[in-house]
Amino acid sequence: HAGLQGDPGNAALIFNLARVYDQNNEKAQAIRYYRKTIEADPKFTYAYNNLALLYEDSKDYANAEKAYRQALKKDANYNLARLNLGNMYASTGKFASAQKLFNQALAKEPGNEWVYYYLGNMYLRQGDYRNAVAAYQHALSINPQHATTYYLLAVSLSKLNRMDEAMQASLHYMQLAPDGEYAKEM
């Protein structure tokens, strides 16, 4: 707050204050300061994205979509907002809309592991385990250190009754995250 007293229109300072509120789980204040960031600098795409994530977290999908779309309107190449919007669509059952956004993200960044990770999640939600496996394997070919991807790969492989491969994915998860969120399940 002290920095803002000397420079109240500094969007970067306002954004950093919003992030502190966000990290401290003070959602109302975080939303307020992300909005102030946008007022100070309407092109501050990260503020739109973070605001959208907060709306999404509180299941205010209409405002989340609006904020993600604003971020993309300000910067059509901002794939993080595209991926987050696609992930929100997939988690709410709007698979065709999610697929369209993921295809756009893939066209812009074919080497982005998160595109394949989110694609895998969408396929897993749909029960399309074969495509989920392919997407997770591709994500791991880009970043073999992402433990959660191994967990989701193991789940998908087990759904296909490919138990030896599922066990291998589980072992990779355990090597990377022995005390991780899914360690007991693995």
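Numbers below:
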quantity	calculated
Boolean, residue 156 is closer than 23 Å to residue 183 by Cα, among the hydroxyl-bearing types (Ser, Thr, Tyr) and open to solvent by 60 Å² or more (accessible area, probe 1.4 Å)	no
Test: residue in the stretch 43-54 that is more than 16 Å from the chain's Cα centre (by Cα) and open to solvent by 50 Å² or more (accessible area, probe 1.4 Å)	yes
Lone unmet requirement of (1) buried (at least 20 other Cβ atoms within 10 Å of the Cβ); (2) more than 19 Å from the chain's Cα centre (by Cα); (3) assigned to a helix (DSSP H, G or I) for residue 186	(3)
Count - residues of the stretch 130-153 that are crowded, with 20+ Cβ neighbours inside 10 Å and over 16 Å from the mean Cα position of the chain (by Cα)	6
Residue match in the stretch 99-114 (condition: surrounded by fewer than 15 Cβ atoms within 10 Å (Cβ to Cβ) and aliphatic (A, V, I, L, M))	yes
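The values are calculated or read from the model by the stated rules, or taken from the named source; none is laboratory data. Remember, it's a predicted structure, so these values are computed and weren't measured experimentally. As a convention, Cβ positions derive from the backbone with ideal geometry for all residues, glycine included, and neighbour counts pool all protein chains shown. When the accessible area is computed, the model is the full protein with side chains, heavy atoms only, and any ligands, DNA or RNA have been set aside. Shrake-Rupley method; radii C 1.70, N 1.55, O 1.52, S 1.80 Å.
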